[in-house]
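Structure record follows, encoded as structure tokens.
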């Protein structure tokens with residue numbers, strides 16, 4: 001057999017003996033293992049975060065539905081109580097002594113107050129569920145309109161109003177009007193003991209947001225109680241001193257949260273109060 005006939009077999013054997021591709025260095029293997037583990041952990045964290053968000057949305061929806069249902073259920077007995085108080089006054093008023101009439105008036109006033117609290121809870125529930133209608137709005141014009149509406153309510157008082165330059169923002173105009181109504185009304189209420197009330201509405205730029213405030217020279221409050229300010233039905237002053245249900249600031253906070261902002265306050269007893277809220281330049285896609 002010729003040498004030329006054996007050549008192909010020799011080539012195949014040489015190919016089988018060709019050295020394998022060198023393994024990557026240990027540091028590359030370690031880095032790949034770290035990257036794979038990081039991706040696995042991130043995927044797990046994202047899945048858990050999505051699950052928690054879904055659970056929180058479900059709980060919030062259930063709580064809002066519960067508050068709405070309870071509020072409606074409470075209204076019926078209140079209507080009955082109020083109706084029977086009126087019947088007692090109309091049919092037996094002449095036979096009831098002054099102490100009895102005082103008791104009936106107290107029942108009627110308490111019923112009215114409870115009705116207001118229910119209305120506030122319903123309003124809070126609605127603002128939590130309603131879709132936001134974001135448009136560009138001039139906050140200066142909006143705040144000035146609120147001030148003009150409030151002037152007749154305090155026409156027998158000396159109130160100095162100052163509305164500074166406020167930005168144009170993208171927000172829900174109906175809800176933002178409620179923010180200014182609540183904060184300005186609070187300022188009017190808590191400056192009542194002052195001979196001359198001073199109420200200022202202003203704003204300034206933050207790093208990536210507009211910050212607005214309503215400042216007054218009213219009775220103020222201690223900062224050690226600031227955590228109670230934005231709690232439902234929480235009050236820092238006796239109802240006999242200042243009327244209200246204790247829901248207004250909760251309403252403000254929820255509206256601002258839905259716009260992606262924050263709320264806070266600064267005050268001292270007897271030195272007035274300033275309520276701040278922020279509106280980010282880039283609002284969240286949903287709230």
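The values are calculated or read from the model by the stated rules, or taken from the named source; none is laboratory data. Being a predicted model, the structure only gives us computed values, none of them experimental. So basically every Cβ, Gly included, is an ideal-geometry build from the backbone, and we count neighbours across all protein chains shown.
Is it the case that segment 35-43 has a residue that's modelled with pLDDT of 80 or more and farther than 30 Å from residue 260 by Cα? No, there is no match, as no residue in segment 35-43 is modelled with pLDDT of 80 or more and farther than 30 Å from residue 260 by Cα. Does segment 172-191 contain at least one residue that is part of a strand (DSSP E or B) and over 17 Å from the mean Cα position of the chain (by Cα)? Checked segment 172-191: no residue is part of a strand (DSSP E or B) and over 17 Å from the mean Cα position of the chain (by Cα). Every residue in segment 151-175 that is within 24 Å of residue 133 (Cβ to Cβ) and in contact (Cβ under 8 Å) with a residue 40 or more places away in the chain, please. 166, 167, 169, 170, 171, 172, 173, 174, 175 - these are the residues of segment 151-175 that are within 24 Å of residue 133 (Cβ to Cβ) and in contact (Cβ under 8 Å) with a residue 40 or more places away in the chain. Within segment 211-229, does at least one residue satisfy the condition of being in a helix (DSSP H, G or I), touching a strand residue (DSSP E or B) at 6+ places or on another chain (Cβ under 7 Å) and modelled with pLDDT under 90? Yes, segment 211-229 has at least one match. Based on what the data block shows, is residue 85 at pLDDT 75 or above, part of a helix (DSSP H, G or I) and under 30 Å from residue 254 (Cα atoms)? Taking the combined requirement at face value, the residue does not satisfy it. What do you reckon, is residue 212 crowded, with 18+ Cβ neighbours inside 10 Å, within 27 Å of residue 268 (Cβ to Cβ), in contact (Cβ under 8 Å) with a residue 40 or more places away in the chain and in the same structural domain as residue 269 (by TED's automatic domain parsing)? Considered against the rule, which asks whether it is crowded, with 18+ Cβ neighbours inside 10 Å, within 27 Å of residue 268 (Cβ to Cβ), in contact (Cβ under 8 Å) with a residue 40 or more places away in the chain and in the same structural domain as residue 269 (by TED's automatic domain parsing), residue 212 comes out as yes.
Kindly evaluate residue 249 against the criterion of being in the same structural domain as residue 150 (by TED's automatic domain parsing), at pLDDT below 90, more than 26 Å from residue 152 (Cβ to Cβ) and in contact with a strand residue (DSSP E or B) (Cβ under 9 Å, 6 or more places away or on another chain). No, not satisfied. Within the set 142, 162, the sole residue that is modelled with pLDDT of 90 or more and part of a strand (DSSP E or B) turns out to be 162.
Conditions (1) more than 26 Å from residue 273 (Cα to Cα); (2) crowded, with 19+ Cβ neighbours inside 10 Å; (3) assigned by TED's automatic domain parsing to the domain that holds residue 266, marked per residue:
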{"site": "89", "(1), (2), (3)": "yes, no, no"}
{"site": "95", "(1), (2), (3)": "yes, no, no"}
{"site": "102", "(1), (2), (3)": "yes, no, no"}
{"site": "110", "(1), (2), (3)": "yes, no, no"}
{"site": "115", "(1), (2), (3)": "yes, no, no"}
{"site": "145", "(1), (2), (3)": "no, no, yes"}
{"site": "160", "(1), (2), (3)": "no, no, yes"}
{"site": "164", "(1), (2), (3)": "no, no, yes"}
{"site": "188", "(1), (2), (3)": "no, yes, yes"}
